[in-house]
1. For residue 112, work out the one condition from (1) at pLDDT below 95; (2) within 30 Å of the chain's Cα centre (by Cα) it doesn't fulfil.
2. Which of (1) modelled with pLDDT under 80; (2) under 22 Å from the mean Cα position of the chain (by Cα) is the odd one out, the single condition residue 17 does not satisfy?
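The values are calculated or read from the model by the stated rules, or taken from the named source; none is laboratory data. As the structure is a prediction and not an experimental result, all values here were calculated from the model.
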Amino acid sequence: MAPYAPAGPPSPETGRGSEERERSISFYVSVVLFLLIVAAVLYMLASGLMHGSEERNFELAITPSGGSIGVGERMDVEVRITLLRTGPSFFEYDLPVTLRAEGVPEGIYVTFNPPTDIPDPRFTSRMLVAHAGAPPGSYTFRVHATGTDGRSLSLPFQLQVTGRTPNTTASR
């Protein structure tokens, strides 16, 4: 049997190498954990953007949904775009929505103020409907709300024009 030799104090090089190895391992473990956390967050965001896009939505409302104007008159109508909260808050509809009128009869003037905004959680626009020479009768046109992502909604607006058509010929 070999005689047992007592161990001396560790050499400074042995202790230093062990500490450096532990620091190196701690650093690599920290980097790996950080990268795993970043990958998990990116996965959740990508998953939510792909699957949550169906949840991004808004609704359109017009108050009143119709009305009556006479020669030279106008009416002020409230148009509301409201965000529908169906998913996590960071997947809400946060894109601009633009309003326009389609199928407006000749002699009727329609404008929106503002015509475009972001529903956060709602935006209200004023639709001005003005008589500009339309003959008396019942008319219907559509108010469209379109998001920059292509999502679109529309509602009809019923308009009754009353009174006589102004005489545009001058008598001499």
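1. Only one criterion in (1) at pLDDT below 95; (2) within 30 Å of the chain's Cα centre (by Cα) is unmet by residue 112, namely (1).
2. Unmet for residue 17, out of (1) modelled with pLDDT under 80; (2) under 22 Å from the mean Cα position of the chain (by Cα): (2).
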